[in-house]
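Asks: Below you will find the structure I want to go over with you.
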Ligand SMILES: Nc1ncnc2c1ncn2[C@@H]1O[C@H](COP(=O)(O)OP(=O)(O)O)[C@@H](O)[C@H]1O
Ligand SMILES: [Mg+2]
């Protein structure tokens with residue numbers, strides 16, 4: 001069933017409602033294997049919801065969602081728990097507010113899931129964790145507590161924690177929005193390095209348009225729970241076809 | 001009738017032996033309340049509606065009926081179903097069950113104080129529900145609950161005289177029997193009250209120290 005051309009993520013006709021509020025309606029989206037996509041759009045347009053559905057953190061009311069061909073939802077019917085776990089194992093997610101585990105050291109934040117989920121030995125997990133911390137420039141913080149870190153450091157630890165399970169797809173939900181401006185750069189630098197040196201598929205929700213432009217293979221603009229326009233960054237930013245895209249861009253990026 | 005030191009001295013040993021029973025009942029009742037309460041609190045959040053609903057009503061029911069009735073109920077009704085336990089065991093069971101419905105609330109507050117982001121991050125890391133509870137949620141929810149649980153230990157201790165109603169030889173029951181034998185109630189009852197006062201004060205003091213230590217932890 002799986003083939004090389006198979007997308008990393010596939011949303012087809014997805015409907016998502018919270019009670020009476022419809023957040024996504026007939027939503028279609030694909031993330032190609034190895035593709036880096038920036039998902040942009042006004043606040044409340046459903047960007048986080050897309051990521052949370054992919055991570056199986058949300059139920060949907062209709063449609064199909066596949067992760068590397070593994071159905072999470074097939075025509076509105078949820079996969080069983082084992083299959084959901086198998087799909088989720090392909091994904092890593094980084095949240096706006098980090099959500100580090102405050103009762104665990106930085107090292108334990110990184111080793112917990114590999115040990116429990118991937119049954120890694122403690123020393124093996126620690127070794128890998130140190131390598132990841134080195135990669136995000138924080139190997140000296142292995143023994144620190146999360147509360148001792150700055151926002152930028154917390155977010156870099158959160159990225160390393162997600163990478164520790166060796167996912168094929170990374171989801172980033174406004175990972176710099178909660179940071180003080182002087183810390184945005186260090187986190188974007190980690191993202192840039194990841195994008196350039198790995199073949200992971202990445203879906204990045206961001207308000208950093210300049211970064212999206214250089215980082216992404218493709219930019220997707222969504223509004224009101226629908227994809228309004230998608231294309232290569234030069235086209236979407238340089239020459240948007242849709243009026244709504246133009247309006248949004250003129251608001252977020254000063255000319 | 002004036003205070004008789006000689007008599008007071010002579011009734012002290014049996015009263016202190018009974019105090020050991022009081023302590024046993026308090027501690028065992030508390031341990032049971034602490035464990036059962038956690039079971040209630042976690043099951044109330046079970047994804048299965050029937051489990052969560054059933055537990056909700058058990059807790060509401062037990063909390064809304066007096067401990068004394070529950071004591072009598074277990075004491076007289078359990079044997080009819082072939083469950084024969086010592087009065088002390090029944091007392092411990094009743095105290096544990098009754099107070100578990102209060103400790104459940106304490107745990108619930110602790111669990112609800114753990115931000116939803118912690119659950120989501122744990123799920124995103126593919127941890128199993130069991131691992132999420134044991135490794136992420138409870139380690140954060142339990143430490144703030146400890147001082148409040150301590151207050152329930154003191155409350156349970158002060159409730160143990162109720163066990164006299166089902167013939168448990170704790171302090172009050174012993175004091176009553178001594179008084180009935182010698183027709184002098186003043187000394188045994190005063191000593192009993194004084195022991196409760198002393199232990200409660202000491203325990204409250206210790207609890208406050210624990211709370212302070214908790215606040216300054218890390
Ligand atoms: N738990 C929730 N309950 C009700 N409505 C929600 C919930 N989460 C999100 N929404 C609504 O869904 C819409 C999309 O939210 P979201 O995906 O977070 O948007 P974005 O990430 O693009 O800002 C918003 O209108 C928001 O109010
Ligand atoms: Mg969002």
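The values are calculated or read from the model by the stated rules, or taken from the named source; none is laboratory data. Quick caveat: nothing in here was measured; it's all calculated off a predicted structure. Virtual Cβ from ideal backbone geometry, glycine too; neighbours counted across all protein chains shown.
Asks: Within the range B:134-148, can one find any residue that is modelled with pLDDT of 95 or more and out of contact with any helix residue (DSSP H, G or I) (no Cβ under 9 Å at 6 or more places or on another chain)?
Replies: Among the residues of the range B:134-148, at least one is modelled with pLDDT of 95 or more and out of contact with any helix residue (DSSP H, G or I) (no Cβ under 9 Å at 6 or more places or on another chain), which makes the answer yes.
Asks: Checking the structure you have, find out if any residue of the range A:210-222 is within 16 Å of ligand 1 (Cβ to nearest atom), touching a helix residue (DSSP H, G or I) at 6+ places or on another chain (Cβ under 8 Å), within 28 Å of residue A:24 (Cβ to Cβ) and assigned to a loop (DSSP other than H, G, I, E, B). Full working, then the answer.
Replies: Our first condition is that a residue be within 16 Å of ligand 1 (Cβ to nearest atom); within the range A:210-222, this holds for A:212, A:219-222.
Among the residues that remain, those that are also touching a helix residue (DSSP H, G or I) at 6+ places or on another chain (Cβ under 8 Å) are: A:212, A:219, A:221-222.
Remaining after also requiring within 28 Å of residue A:24 (Cβ to Cβ): A:212, A:219, A:221-222.
Next, only the ones that are assigned to a loop (DSSP other than H, G, I, E, B) stay: none.
No, the range A:210-222 contains no residue that is within 16 Å of ligand 1 (Cβ to nearest atom), touching a helix residue (DSSP H, G or I) at 6+ places or on another chain (Cβ under 8 Å), within 28 Å of residue A:24 (Cβ to Cβ) and assigned to a loop (DSSP other than H, G, I, E, B).
Yes/no matrix, rows are residues, columns are (1) touching a residue at least 40 places away in the same chain (Cβ under 8 Å); (2) away from chain A (no Cβ under 14 Å); (3) in contact with a strand residue (DSSP E or B) (Cβ under 7 Å, 6 or more places away or on another chain):
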| residue | (1), (2), (3) |
| --- | --- |
| B:117 | no, no, no |
| B:144 | yes, no, no |
| B:149 | yes, yes, no |
| B:159 | yes, yes, no |
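Asks: Condition first: closer than 21 Å to residue A:91 by Cα and exposed (fewer than 15 other Cβ atoms within 10 Å of the Cβ). Can you find one or more residues in the range A:146-167 that meet it?
Replies: yes
Asks: Moving on to the next point. With within 14 Å of another protein chain (Cβ to nearest Cβ) and modelled with pLDDT of 95 or more as the only criterion, which of A:188, A:171 stands out?
Replies: Values: A:188 fails: within 14 Å of another protein chain (Cβ to nearest Cβ).
The match here is A:171.
Asks: Search the range A:40-58 for residues that are within 14 Å of residue A:251 (Cβ to Cβ) and pair each with any residue that is within 9 Å of ligand 2 (Cβ to nearest atom) when their beta-carbon atoms are under 6 Å apart and the residues are at least 6 apart or on different chains.
Replies: The qualifying pairs are A:41/A:47.
Asks: Hey, among A:83, A:96, which residue is more than 8 Å from chain B (Cβ to nearest Cβ), at pLDDT 95 or above and within 15 Å of the chain's Cα centre (by Cα)?
Replies: Details: A:83 fails: within 15 Å of the chain's Cα centre (by Cα).
The unique qualifying residue is A:96.
Asks: Working only within the range A:118-129, note down all residues that are under 24 Å from the mean Cα position of the chain (by Cα) and part of a loop (DSSP other than H, G, I, E, B).
Replies: Taking the range A:118-129 first, the residues under 24 Å from the mean Cα position of the chain (by Cα) are A:118, A:125, A:128-129.
Correct list: A:118 only.
Asks: Oh, and also: From B:69, B:90, which residue is modelled with pLDDT of 95 or more, farther than 11 Å from residue B:33 by Cβ and in contact with a helix residue (DSSP H, G or I) (Cβ under 6 Å, 6 or more places away or on another chain)? Walk me through how you get there before you give the answer.
Replies: Numbers: B:69 fails: in contact with a helix residue (DSSP H, G or I) (Cβ under 6 Å, 6 or more places away or on another chain).
Criteria check complete, one pass: B:90.
Asks: Checking residue A:199 against (1) crowded, with 22+ Cβ neighbours inside 10 Å; (2) over 23 Å from residue A:27 (Cβ atoms), which single condition isn't satisfied?
Replies: It fails just one condition, (1).
Asks: When you look at residue A:19, is it surrounded by 23 or more Cβ atoms within 10 Å (Cβ to Cβ), on the phi > 0 side of the Ramachandran plot, more than 13 Å from chain B (Cβ to nearest Cβ) and within 14 Å of ligand 1 (Cβ to nearest atom), yes or no?
Replies: Details: surrounded by 23 or more Cβ atoms within 10 Å (Cβ to Cβ): no; on the phi > 0 side of the Ramachandran plot: yes; more than 13 Å from chain B (Cβ to nearest Cβ): yes; within 14 Å of ligand 1 (Cβ to nearest atom): yes.
No; evaluated as a whole, the condition is false for this residue.
Asks: All but one of (1) within 20 Å of residue B:120 (Cα to Cα); (2) away from ligand 2 (no atom under 16 Å from the Cβ); (3) more than 14 Å from chain B (Cβ to nearest Cβ) hold for residue A:33; which doesn't?
Replies: Of everything listed in (1) within 20 Å of residue B:120 (Cα to Cα); (2) away from ligand 2 (no atom under 16 Å from the Cβ); (3) more than 14 Å from chain B (Cβ to nearest Cβ), residue A:33 misses just condition (1).
Asks: Only one residue in A:27, A:101 is within 16 Å of ligand 1 (Cβ to nearest atom), at pLDDT 95 or above and buried (at least 18 other Cβ atoms within 10 Å of the Cβ). Which one? Even if it seems obvious, please write down each step before you answer.
Replies: On the way: A:101 fails: within 16 Å of ligand 1 (Cβ to nearest atom).
Unique residue meeting the criteria: A:27.
Asks: Sticking with this one: If you check B:163, B:202, which single one turns out to be within 15 Å of residue B:26 (Cβ to Cβ), at pLDDT 95 or above and more than 14 Å from chain A (Cβ to nearest Cβ)?
Replies: On the way: B:202 fails: at pLDDT 95 or above.
Being within 15 Å of residue B:26 (Cβ to Cβ), at pLDDT 95 or above and more than 14 Å from chain A (Cβ to nearest Cβ) holds for just one of B:163, B:202, which is B:163.
Asks: Would the range B:118-125 turn up any residue that is in a loop (DSSP other than H, G, I, E, B) and either closer than 30 Å to residue A:116 by Cα or modelled with pLDDT under 95 (or both)? Before the answer, list the steps.
Replies: Here is the first cut: in the range B:118-125, the ones in a loop (DSSP other than H, G, I, E, B) are B:125.
Filter once more, keeping what is either closer than 30 Å to residue A:116 by Cα or modelled with pLDDT under 95 (or both): B:125.
Among the residues of the range B:118-125, at least one is in a loop (DSSP other than H, G, I, E, B) and either closer than 30 Å to residue A:116 by Cα or modelled with pLDDT under 95 (or both), which makes the answer yes.
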